[in-house]
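As structure tokens, the structure follows; a few thoughts come after it.
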Amino acid sequence: MSEEFRLRRSLHFVPGANEKMLNKALGSAADSLILDLEDAVATDLKDDARATIAGWLADVDFGHQERIVRFNPLDTPWGEADLDALMQSPPDALLMPKVSTLAEIETIDRILGKYESERGHPERGVQLMLVATETPTGVLNLPTFTQCPRVTMLTWGGEDLSAAIGAPRNRLPNGEYLDVFRFCRVQTLLTAKAGGAEALDAVYVDIRNLDALAEESQHAAWMGFTGKLTIHPDQIPVVNAVFTPSDEEVEEAVALLEAFEAAQAEGRMAFRFRGQMVDAPHLRRAENTVARGRLARSELGGS
């Protein structure tokens, strides 16, 4: 299966200083684990957390789970040491926080490339995932971020941006995002799609409200996001269920692909299918649905 169809329905944050939570996450149904060295780790535990995560990357079998590490920014006392340690036994991807400019991304790209060359790792084998909306400058520069070929995933967040712009909240009382944060969400989605990257929706911070999480996840899936970040184990199955095509959706997509094959044999690319006119965009959506649905069932048992 191509990287395009790697399952990233749920990307679960795990505090890097908490080995108990790391062990628990390994047994979860999360498609990707985000081992966090930044916000989830107190300053006096940064060095220990770095050593723990580097050891896990070297020694632990993560099975099907993608290994992503959120490192500390380079303008902190820990950023350079994080990259040095993590690139001994590299993860699948690094999550870059507090992004403001393309130049910052390119600096990380060069540092990773240097380590890959010196240590015999595959060129650009480590992907970059960006939290693209944590600073006002980052929001304005976001359309440039996928110009770096190492960037394969974009996500967004409203908590850091709220603090940066002095907003006391990012949602209305009914749970909907305020306009500036809705803009960031859409900007992230469209930038990712235009740049060939994967768009992943932000965390839902009310960990007790699983019904609202399911509703927000469904809206994200309808928009075109392919997964969502999670911060509590109870959120993982909810998010997985939403971003896994149902049996009925897969069956309809298979039938549509068969109908396309028959239509193309007759020289037609647009035709009527179950009461609707369909053409090339419907073909691409059907192919994606079948690929994602089959991958979920074959590798993860549909969890």
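Beta carbons closer than 7 Å, at least 6 apart along the sequence or on distinct chains, pair a first residue in the range 218-238 that is within 13 Å of Ala29 (Cβ to Cβ) and touching a residue at least 24 places away in the same chain (Cβ under 8 Å) with a second that is in a helix (DSSP H, G or I) and polar (S, T, N, Q) for Val238/Ser217.
When you look at Ala291, is it of a type in the set (A, V, I, L, M, F, W, C), surrounded by fewer than 17 Cβ atoms within 10 Å (Cβ to Cβ) and over 30 Å from Gly175 (Cα atoms), yes or no? Here the answer is no, as Ala291 does not meet what is asked. Please tell me if Ala280 is out of contact with any strand residue (DSSP E or B) (no Cβ under 6 Å at 6 or more places or on another chain) and under 30 Å from Glu66 (Cα atoms). When the stated conditions are applied, Ala280 does not pass them. Mind counting the residues in the range 2-52 that are of a type in the set (Asp, Glu) and in contact with a His (Cβ under 8 Å, 6 or more places away or on another chain)? Matching residues across the range 2-52 total 1.
Residues are listed down the side, and each one gets a yes or a no for (1) charged (D, E, K, R); (2) touching a helix residue (DSSP H, G or I) at 6+ places or on another chain (Cβ under 6 Å); (3) at pLDDT 95 or above:
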| site | (1), (2), (3) |
| --- | --- |
| Ser217 | no, yes, yes |
| Val239 | no, yes, yes |
| Leu256 | no, yes, no |
| Ala265 | no, no, no |
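Each residue in the range 165-180 was checked for being surrounded by 16 or more Cβ atoms within 10 Å (Cβ to Cβ) and either modelled with pLDDT under 95 or β-branched (Val, Ile, Thr) (or both), and 1 pass.
Residue-wise test of (1) under 30 Å from His12 (Cβ atoms); (2) touching an Asp or Glu at 6+ places or on another chain (Cβ under 7 Å); (3) outside the structural domain of Ala194 (by TED's automatic domain parsing).
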{"residue": "Ala214", "(1), (2), (3)": "yes, no, no"}
{"residue": "Met223", "(1), (2), (3)": "yes, no, no"}
{"residue": "Thr226", "(1), (2), (3)": "yes, yes, no"}
{"residue": "Ala255", "(1), (2), (3)": "no, no, yes"}
{"residue": "Met269", "(1), (2), (3)": "no, yes, yes"}
{"residue": "Ala280", "(1), (2), (3)": "no, no, yes"}
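Determine whether the range 249-262 contains at least one residue that is touching a Phe, Trp or Tyr at 6+ places or on another chain (Cβ under 7 Å) and within 23 Å of Ile34 (Cβ to Cβ). Scanning the range 249-262, I find no residue that is touching a Phe, Trp or Tyr at 6+ places or on another chain (Cβ under 7 Å) and within 23 Å of Ile34 (Cβ to Cβ), so the answer is no.
Note on the range 188-217: residues that are small (Gly, Ala, Ser) and free of Cβ contacts under 8 Å to residues at least 12 places away in the same chain total 0.
So that you can scan it fast, the table gives a plain yes or no per residue for (1) among the aliphatic types (A, V, I, L, M); (2) closer than 25 Å to Ala296 by Cα:
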| position | (1), (2) |
| --- | --- |
| Asp36 | no, no |
| Asp44 | no, no |
| Gly55 | no, no |
| Val60 | yes, yes |
| Phe71 | no, no |
| Gln88 | no, no |
| Ala103 | yes, no |
| Arg119 | no, no |
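Residue-wise test of (1) in contact with a Ser or Thr (Cβ under 7 Å, 6 or more places away or on another chain); (2) exposed (fewer than 15 other Cβ atoms within 10 Å of the Cβ); (3) farther than 24 Å from Gly63 by Cα; (4) of a type in the set (Lys, Arg).
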position	(1), (2), (3), (4)
Asn209	no, yes, yes, no
Glu216	no, no, yes, no
Val242	yes, no, no, no
Glu252	no, no, yes, no
Leu256	no, no, yes, no
Met277	no, yes, yes, no
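The values are calculated or read from the model by the stated rules, or taken from the named source; none is laboratory data. Quick caveat, the model's predicted, so the values are computed rather than measured. All Cβ positions, even for glycine, are placed from backbone atoms using ideal geometry, and neighbour counts span all protein chains on display.
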